[in-house]
Amino acid sequence: MGTRNSTAEVTEFILIGFQLPRHMELLLFSLLLVVLFFTLAGNIMIITLACMDKRLQTPMYFFLCNLSFLEIFFILTITPKMMTNLVSLNKSVSFLGCISQCYSYFFFGTCEIILIAIMAFDRYIAICQPLHYTIIMNGWVCVKLILVCWVGGFLNNLGPIILLGQLSFCSSNIINHFFCDYAPLIKLSCNDVDTLLTLESCLSALVLLSSLCVTAVSYLFIIVTVLRIRRKTFSTCASHLTVASIFYGSAIFMYSLPSKGRSRDVQKAVAVVTAVITPLLNPFIYTLRNEKVRDAFRDCLQRHKCIL
């Protein structure tokens, strides 16, 4: 099953995963189950609070809700299949399922990268131009920015995935990863894929560096403004910077830096940070450091106690 000859087209792939002893696979499955639960619970809590509490119905929390939606979809794209492979002897995934997972991973990841830049721009307007904030960041502008985020994620990855789906896979069908990542998958093709790898790297670098530039410039102006007027308004920015640093760092390492000579195990570890750990950390980083969210959560608990 692992290898096909050149006359047989590959119809499914085998995800090797982490290749751990059985007891370690079961332990990892349990840890992922806990992570998945808290990730879903934390992000759903943020969405629910933002919808229920008027104090959180502002552009910043509108964007944070969208970030939570993306994190939910992002972790559900990777984690359930990874958990299934840990407890199942059958680690195969269909050709269509593999292509769909690959596209979904990059689609939601690109949307999140663009959204991080949008959130940085929102904080720049709020802190550096507070008198014009409600005018600049009105409801229609926020909706258009979110549309840019989702449409940008859709279009940026559509071309490479269409080209990927048209390739012939007639050699090995074993993917040395725990999900259908673009580079390990495309290298199994019997076509010349150098152009496709270059295209994907260029598109990833374009989105990453553009988003990083917007974020960096926004926070440069924010820091200058905060230092000049000596206001204590950096708490929400610190939360956003923490999330952005984790996501940018792992994404740049995986998709913008040369991968030649890099250990596959290292790539898997970094992918776990991006696909599993970041969605878990986001709600806790924003909740624990955000007084408004903590107050809204406390009020929600008190209202439910009264009802009960």
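Bear in mind that the values in this text are calculations on the coordinates, not laboratory data. Everything quoted here is computed from the prediction, not taken from an experiment. Cβ: placed from backbone, ideal geometry, glycine included. Neighbour counts: every protein chain shown.
Decide, for region 92-154, between rounded, prolate and oblate: order the square roots of the alpha carbon gyration tensor eigenvalues as a ≥ b ≥ c, take rounded if a/c falls under 1.5, and otherwise choose prolate if a/b is larger than b/c, else oblate.
On the way: a/c = 6.44, a/b = 3.23, b/c = 2.00.
Prolate shape, in that a/c is at least 1.5 and a/b is the bigger ratio.
Starting from the Cα-Cα distance between Phe154 and Ile252, subtract it from 0.36 nm times their residue separation and give me the gain in nm to one decimal. Let's see the in-between values first.
Numbers: separation 98, 0.36 × 98 = 35.28 nm, distance 1.97 nm.
Here the answer is 33.3 nm.
With a point put 7 Å past each Cα toward its Cβ, work out how far Ala269 is from His23 in nm, to one decimal.
Spacing of the two 7 Å Cα→Cβ label points: 2.3 nm.
At 7 Å along Cα-to-Cβ for each site, give me the label-to-label distance between Lys54 and Val87 in nm.
Computed distance between label sites Lys54 and Val87 equals 4.6 nm.
Net charge around Pro80, counting only other residues with Cβ within less than 15 Å of its Cβ (Lys, Arg = +1; Asp, Glu = -1)? Display every interim value, and only then the final one.
Numbers: positive: Lys81, Lys91; negative: Glu71.
Once positives and negatives cancel, what remains is +1.
Can you give the alpha-carbon Rg of region 1-125 over 2.2 N^0.38 Å, where N counts its residues?
Details: Rg = 19.0 Å, N = 125, 2.2 N^0.38 = 13.8 Å.
Compactness ratio reported: 1.38.
Over the Cα atoms of region 137-217, compute the convex hull volume and normalise it per residue, giving Å³. Mind showing how you got there, number by number?
Numbers: hull volume 9.1 nm³, N = 81.
Measuring per residue, one finds 112 Å³ for the Cα hull of region 137-217.
In the structure displayed, which of Lys187/Lys268; Lys144/Lys187; Lys268/Lys292; Lys54/Lys81; Lys81/Lys144 lie more than 27 Å apart, Cα to Cα? Display every interim value, and only then the final one.
Numbers: Lys187/Lys268 16 Å; Lys144/Lys187 37 Å; Lys268/Lys292 36 Å; Lys54/Lys81 38 Å; Lys81/Lys144 33 Å.
Lys144/Lys187; Lys268/Lys292; Lys54/Lys81; Lys81/Lys144, as the Cα separations exceed 27 Å there.
Under 13 Å from the Cβ of Leu89, count the other residues' Cβ atoms, weight Lys and Arg +1, Asp and Glu -1, and hand me the total. Don't skip to the answer; put the middle values down first.
On the way: positive: Arg22, Lys91; negative: Glu25.
That works out to +1.
So what is the relative contact order of region 10-161, in percent, for Cα pairs below 8 Å that sit 6 or more residues apart? Present the calculation step by step, with values, prior to reporting the outcome.
On the way: 116 pairs, mean separation 46.8, N = 152.
Across region 10-161, relative contact order equals 31 percent.
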